[in-house]
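FYI, it's all coordinate maths here, none of it is from the lab. The model shown is predicted, which means the values in this text are computed figures rather than measured ones. Reconstructed Cβ throughout: ideal geometry from the backbone, glycine too, with neighbour counts over all protein chains shown.
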Amino acid sequence: MRHKLENMATEKLVSLFGVAPADRFVSIVEDLKSNINEKELGEAVRDISSLRAHGPWKSEIKHEDIKIRLPKEYVKNAKSVIVLGMHFPDEVINNSGLDKSKQIGCYTYHQYQTVAELGFAAYELTLMLQMMGYKAMICSNMLGVGSKIDSPRGHLPDMRCSSIEAVAAGLGEIGKSGALLTREHGSHQRCIVCRAYR
């Protein structure tokens, strides 16, 4: 079954595929809860300007009710956590921030597009799981310890979203920034999670 799912994910441009048992997150969540103040997780400075993309920034502190959660708190019978990752093209990485190119805008666009493509791939994976008799739920910040970045296209999951889940699935390690680091792509990828159950 894993081989079939991984092949489908690869066809959808997914470059990282890993699976972790849902029970692996019990000790991870205990550790996170003992080291993180959950009340601070939902606090963020947001732009409340009506001219979001091109107007002046108007700050407001917003608070969302975000908690550190186990897979089984979303889905009672969760058995597996499937992590999909997609890397940014090398051309974008190699040109970002160069004086001659000033390509930060392209980097931002590729973050947006990568998140969108991961959502499409995760949706196709959940459909395949349904045809096999399973159910799945998609999440970009399952544990709740990631954040959001602002962009002209709205809020996007940041580089920390799904990074711990990816490590639990054997895809890499956590860097000092909290981002997933992989041998293949460094910190230049984003991930999404599908929680599968029967």
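Suppose we keep just the alpha-carbon trace of the chain; what are its Rg and Dmax in angstrom?
17.4, 53
Within straight cross-link reach of residue 4, meaning Cα distance under 16 Å, which aspartates and glutamates are found once same-chain residues fewer than 8 apart are removed?
Qualifying aspartates and glutamates at Cα under 16 Å: 124.
How charged is the neighbourhood of residue 118? Take every other residue with its Cβ under 12 Å from the Cβ of residue 118, and add Lys/Arg as +1 and Asp/Glu as -1.
In short, 0.
Once the Cα gyration tensor of region 103-198 is found, what semi-axes does its equivalent ellipsoid get, as square roots of 5 times the eigenvalues, in whole Å, sorted largest first?
24, 17, 12
Within the chain, which whole H helices from DSSP have a Cα span along their axis of at least 27 Å and a mean Kyte-Doolittle hydropathy of -0.5 or more, if any?
Qualifying helices: 104-131.
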